[in-house]
Amino acid sequence: MTDTKPSVGIIMGSQSDWTTMREASEILCELEVPHESRIISAHRRPDRLAEYVGSARDNSLRVLIAGAGGAAALPGMVAALTTLPVFGVPIQTKALGGMDSLLSIVQMPRGVPVGTLAIGGAGATNAALLAVAVLALDDSKVLEALKNWRMRRNAALPEEPNNSP
Ligand code: RP5
């Protein structure tokens with residue numbers, strides 16, 4: 001990697017979200033996209049949220065991925081504070097299975113968009129892939145990495161199920 005400045009910021013409401021959000025980080029590592037991960041709770045550390053998002057563009061970030069669970073205000077608040085693209089990942093919760101997170105994130109008011117992904121790990125993975133697709137619009141190296149990742153994954157799909165007669 002020649003450019004070490006992070007172009008994707010992965011943020012989350014709590015340490016407990018990392019188990020899910022690390023899946024986004026792993027994809028970005030695999031595709032060699034510089035990124036950083038931060039715990040920035042909208043409810044517990046609104047000061048940290050304002051500071052981080054307010055300086056995100058100046059700090060070279062181009063896409064933000066925000067994961068939160070329950071009354072998941074974080075992705076929406078991030079979108080309120082920036083014009084960078086924001087992808088939201090609803091964290092699976094014990095109480096309501098993540099439906100609470102999903103509805104909190106997806107139902108944004110018109111004009112303040114959060115690209116909302118699936119609940120849990122699949123959402124985190126896809127948020128990272130969407131972030132890569134955004135960066136690939138004007139970065140041919142990233143585009144190549146994304147195409148190769150897709151090709152490898154699709155090639156690995158077996159034609160027949162295991163243990164079929
Ligand atoms: C949210 O509350 C976080 O995003 C997390 O998913 C949830 C629970 O947080 P902890 O109680 O595990 O810190 O703000």
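Just so it is clear, none of the values below were taken in a lab; they were calculated from the coordinates. None of these values were measured; they are calculated from a predicted model. Every residue, glycine as well, gets a Cβ built from its backbone with ideal geometry; the counts of neighbours run over all protein chains shown.
Of all residue pairs spaced 6 or more apart or on separate chains, those with beta-carbon atoms under 7 Å, a first member in the stretch 97-111 that is over 15 Å from GLY67 (Cβ atoms) and a second member that is more than 14 Å from the ligand (Cβ to nearest atom) and small (Gly, Ala, Ser) are MET108/ALA79.
Restricted to the stretch 1-54, and to residues there that are within 11 Å of the ligand (Cβ to nearest atom) and among the aliphatic types (A, V, I, L, M), the residue that is nearest to GLY69 (Cα to Cα) is MET12. Quick check on the stretch 126-147. Is at least one of its residues closer than 22 Å to GLU26 by Cα, part of a loop (DSSP other than H, G, I, E, B) and in contact (Cβ under 8 Å) with a residue 24 or more places away in the chain? No: the stretch 126-147 contains no residue that is closer than 22 Å to GLU26 by Cα, part of a loop (DSSP other than H, G, I, E, B) and in contact (Cβ under 8 Å) with a residue 24 or more places away in the chain.
The rows are residues; the columns are (1) exposed (fewer than 15 other Cβ atoms within 10 Å of the Cβ); (2) in contact with a Phe, Trp or Tyr (Cβ under 6 Å, 6 or more places away or on another chain); (3) of a type in the set (S, T, N, Q).
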{"residue": "GLY88", "(1), (2), (3)": "no, no, no"}
{"residue": "THR93", "(1), (2), (3)": "no, no, yes"}
{"residue": "GLY97", "(1), (2), (3)": "yes, no, no"}
{"residue": "SER101", "(1), (2), (3)": "no, no, yes"}
{"residue": "GLY121", "(1), (2), (3)": "no, no, no"}
{"residue": "ALA124", "(1), (2), (3)": "no, no, no"}
{"residue": "ALA128", "(1), (2), (3)": "no, no, no"}
{"residue": "VAL134", "(1), (2), (3)": "no, no, no"}
{"residue": "ASP139", "(1), (2), (3)": "no, no, no"}
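Any residue in the stretch 104-112 that is among the aliphatic types (A, V, I, L, M) and either part of a loop (DSSP other than H, G, I, E, B) or at positive phi (or both)? Yes, the stretch 104-112 contains at least one residue that is among the aliphatic types (A, V, I, L, M) and either part of a loop (DSSP other than H, G, I, E, B) or at positive phi (or both).
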